[in-house]
Structure formats: C-alpha cells, structure tokens
Amino acid sequence: MRIRRLYQGIGLAAVCGCFTALYSGQAMAAYSDLSGPGAEYSNYVAAVEEGNPAIYVSMDSYDVLREAKAGDYYQILGDEGSGWVEIQVGDTVGYISTNSGVSVINVEELEGSGAGAKVEDKITETANEQVSETRRQNLVSYALQFLGCAYRDAGSSPSTGFDCSGFVSYVMRNGAGVSLNRSSRAQATQGAAISSDQMRPGDLIFYGNGNSINHVSMYIGDGQVVHASTYKTGVKTSPWNYRTPIRIVNVLGD
C-alpha cells in the first residue's frame, strides 16, 4: 500500500472535523511502502476524509463490520497490500481500503507541530464513539430477546411479565448497568433530554396525555422502539412515533 509522507513545512487545518494538509510551496515527497523490515505500524493512522467507507470483518468476505464516517481516525495495525490496511475498531479489528476516501497519516512525522496531538485526540474520540455504539447495540440485542414476553401490571421480570417501566428498568439494569426509577413518570426525570434527531439506540421515549406521562419505550434504531405494550401483545416493537412523544432522554451518559 502506498502512503503519503508528511514533512516539515506542512500545517494542518481543521475542515469539517477532518485534518487537511496545507503545503507551503513545498512539493510533496515521493510515496513509499508502509510494509517492510522494521515497519512501525503504530505510527500510522487511517483518516476517513469523505463518504461512509465500509470496514470489513475480513479480507476474504463481504461481511461489513461497520460503516466509517468522515472524521473518523483508526489506528493501523498492518498493511494487507493492494491499498488495504488492518485497523483497530473498538475491541476488535477490521479492514478498510485506502482507495475509498481514506488517507494514511504518519503521526511520528507530525511530532513537534502540534498536529500529532490533534490526530491522537481524533483517534481517542473515534474509539470512544465506537465503544458507545457497541454498548448501545448490545443493549438493543439484550432487550429484543424478550419480544413476546407477557404484559403484567407492575411486572418487572421476564418470568412473570412486564409493564412498560418495569421492562425498561429491567433491561437497563441488566443490559447496561444503569439503575432507573420504577415508574415511567419518574424515569422521565432521569438522564438528559434530547431531540428526536439526536436519538440513538438505547435512548428512552415517553408518551402520555397532554404533559402527563404514562408510557415508556426504548429506541432500537431504524425508526423503531421496543416496549411492553398491552396484555394482548406483550413486549413488542413499534414505530417510535406511533404515539406523539412527550419527552426523549439519554440515560446512558454518552
């Protein structure tokens, strides 16, 4: 794989959350291979400059681990050849093509300019976002295993049934280690209020009459929620706005 060598005289400017190289009348040096004897992969970072390139589970399949986004920075673990690199993705590894809006930065060559520290900050920021995303997706998977469980007034156990707040409280406690109040009205006072365009899987949506809250669900992504609905349906999924929400909160703290 070919990488861009960044030398003295290069400044970095923040543009749309990414770093763009600015050259002060100095020609860019020749490309060189990342791999080879003595290669220090820890010096190199894959920076997503545009689009949503796929990160694959392996080089031998089309299984997508996740989609990257512009502004993401990933630690490179190795050069796979033909423009592909192995990268650190949360607590696992993935593979991304540098021919899909991804550039390679040698952090060591940025030391002393202040840009190296900014790149390290971006790596940390990306990693934290991935940890949050994984935590939320795991929570959704945990909640969905209870689909079809019975509805029961004041219920808070899968063995006997759930009411809406009992279900949310049980899932949050056992799936994310978050302790919630027992009633939906009290749960609505916890966490941070957010708007519908800020919703992520694991956020809570509250419904009611007027300003009086009487129901709660958990957002699971793709416009859907999971909730303990009625005696007839038990725990089920519904469109997030099947009723007009009164309040949406993030209780996960990320």
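For segment 192-221, a residue qualifies if it is at pLDDT below 95 and either surrounded by 14 or more Cβ atoms within 10 Å (Cβ to Cβ) or in a loop (DSSP other than H, G, I, E, B) (or both), and the qualifying residues are Gly210, Asn211.
Condition check for Gly101 on (1) on the phi < 0 side of the Ramachandran plot; (2) in contact with a strand residue (DSSP E or B) (Cβ under 9 Å, 6 or more places away or on another chain); (3) modelled with pLDDT of 85 or more: one failure, at (1).
Among the residues of segment 55-66, some residue qualifies, meaning at least one is polar (S, T, N, Q), modelled with pLDDT of 50 or more and surrounded by fewer than 12 Cβ atoms within 10 Å (Cβ to Cβ).
Restricting Gly148, Gly161 to residues that are buried (at least 20 other Cβ atoms within 10 Å of the Cβ), of a type in the set (Gly, Ala, Ser), in contact with a strand residue (DSSP E or B) (Cβ under 7 Å, 6 or more places away or on another chain) and under 30 Å from Thr233 (Cα atoms) narrows the list to Gly161. Given the criteria under 29 Å from Glu129 (Cβ atoms), in a helix (DSSP H, G or I) and of a type in the set (A, V, I, L, M), does Val168 qualify? Answer is yes for this residue. Scanning segment 126-142 for residues that are at pLDDT 85 or above and of a type outside the set (Asp, Glu) yields Ser132, Thr134, Arg135, Arg136, Gln137, Asn138, Leu139, Val140, Ser141, Tyr142. What pairs come up if the first residue lies in segment 42-71 and is among the polar types (S, T, N, Q), the second is open to solvent by 50 Å² or more (accessible area, probe 1.4 Å), and their beta carbons are under 7 Å apart, counting only those six or more places apart or on different chains? Close Cβ pairs (under 7 Å, with a partner that is open to solvent by 50 Å² or more (accessible area, probe 1.4 Å)) amount to Asn43/Glu108; Asn52/Glu67; Asn52/Lys69.
Residue count for segment 170-185 under the criterion of being open to solvent by less than 30 Å² (accessible area, probe 1.4 Å) and out of contact with any helix residue (DSSP H, G or I) (no Cβ under 7 Å at 6 or more places or on another chain): the result is 1.
The values are calculated or read from the model by the stated rules, or taken from the named source; none is laboratory data. Remember, it's a predicted structure, so these values are computed and weren't measured experimentally. Don't worry about glycine lacking a Cβ; one is built from the backbone with ideal geometry, like all the others, and counts go over all protein chains shown. Surface accessibility is based on the protein's heavy atoms, side chains included, excluding ligands, DNA and RNA. Shrake-Rupley method; radii C 1.70, N 1.55, O 1.52, S 1.80 Å.
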